[in-house]
2 protein chains.
Amino acid sequence: MSQMHGIVLFGHGARDPVWAGPMQRTAARIAELSPEMPVELAFMEFIEPVLDVAVDRLVARGATRITVVPVFLAQGGHLKRDVPALVSAAAARHAGVSVTLATAAGEAPEVIDAIAAYASRC
Amino acid sequence: MSQMHGIVLFGHGARDPVWAGPMQRTAARIAELSPEMPVELAFMEFIEPVLDVAVDRLVARGATRITVVPVFLAQGGHLKRDVPALVSAAAARHAGVSVTLATAAGEAPEVIDAIAAYASRC
């Protein structure tokens, strides 16, 4: 049976709900680039859903391999401790489904290039 | 006399100093793309320098027009209140130099595209 790969776009969250806007637009762009790959959003705090709920939703949609992609600017404190623990807990809820944690999006060369290009044009 | 445009890449900061790594790489990339445009880093907290010091440095380097580019994921709470106040205070220190605040880098379509492309490949 073939694997279905799903993505959780995982953000810190903020008190102001407009903070989720860019993540919502990112999910829409992923749907354009990779329509076969289900995407859910999740947040550490303030905004729903939490990570467990997003992983549950992807499994319900048929995902057998899930990557949690941290939409964070850098591989700092939370991503060294808190988030790995959340990912392990989510994985433990679904035997037979692999749930892995990617590196912070802000560390990716293409993201750094895009921010640099944006800043250069400001 | 021609204007010299300088950039402050402005980040929130974090307790873990490695958090500044991507911003340092972004500044290096801007130097490749636009070598004539001086760039300084600044942070709201935890990491030095603060915004006033970065603006002072750009003015000392000859900048007559300064854009503060928030390396934030979204146009949320801090960027609605705290950061505009910091920018106004920095501007008030330098008569004849324009200091303006750009939109959060995370809101830019090209940055959203880059994050989406990165997530799709994870």
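So the values come out like this:
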{"item": "Overall Cα dimensions of the protein assembly as shown, principal axis frame, Å, largest first", "result": "69, 28, 27"}
{"item": "Estimated dipole of the range B:5-121 in Debye, rounded to 20 [Cβ of Lys and Arg +1, of Asp and Glu -1, Cα centre]", "result": "60"}
{"item": "Label spacing, shortest first and in nm, from A:Thr64 to its equivalents in the remaining copies (7 angstrom along Cα→Cβ)", "result": "6.6"}
{"item": "Mean accessible surface per residue for the protein assembly as shown, computed with a 1.4 Å probe while every protein chain stays in place, in Å²", "result": "45"}
{"item": "Loop trypsin sites (Lys or Arg not before Pro), the range B:1-90, which have at most 13 other Cβ atoms in a 10 Å radius of their Cβ (DSSP)", "result": "B:Arg15, B:Arg61, B:Arg81"}
{"item": "Top of B:Leu51, B:Leu33, B:Leu79 by mean-square fluctuation, Gaussian network on chain B, Cα under 10 Å", "result": "B:Leu33"}
{"item": "Buried on assembly, the range B:5-30 (at least 40 Å² less accessible surface than by itself, 1.4 Å probe)", "result": "B:Asp16, B:Trp19, B:Pro22, B:Arg25, B:Thr26, B:Arg29"}
{"item": "Inter-copy spacing of A:Asp82 label points, which lie 7 Å from Cα along Cα→Cβ, given in nm from shortest upward", "result": "1.5"}
{"item": "Residue of B:Leu58, B:Leu73, B:Leu101 that the Gaussian network model of chain B assigns the largest fluctuation, springs spanning Cα pairs under 10 Å", "result": "B:Leu73"}
{"item": "Accessible surface of chain A, 1.4 Å probe, proportion on carbon and sulfur as whole %", "result": "56"}
{"item": "Range of Cα positions in the range A:32-75 per principal axis (Å), largest first", "result": "27, 22, 17"}
{"item": "Sparse-neighbourhood loop sites, GluC sites (Glu not before Pro) in the range A:19-94 - DSSP loop, at most 13 other Cβ within 10 angstrom", "result": "A:Glu36, A:Glu45"}
{"item": "Residue of chain B whose Cβ sits closest to the axis mapping B onto A, with distance in whole Å", "result": "B:Ala114, 2"}
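The values are calculated or read from the model by the stated rules, or taken from the named source; none is laboratory data. Computed from a prediction, not measured in an experiment: that's the story for all the values here. Glycine also receives a Cβ, built like all others from the backbone with ideal geometry; neighbour counts cover every protein chain displayed. Accessible surface areas use protein heavy atoms only, side chains included; no ligands, DNA or RNA. Shrake-Rupley method; radii C 1.70, N 1.55, O 1.52, S 1.80 Å.
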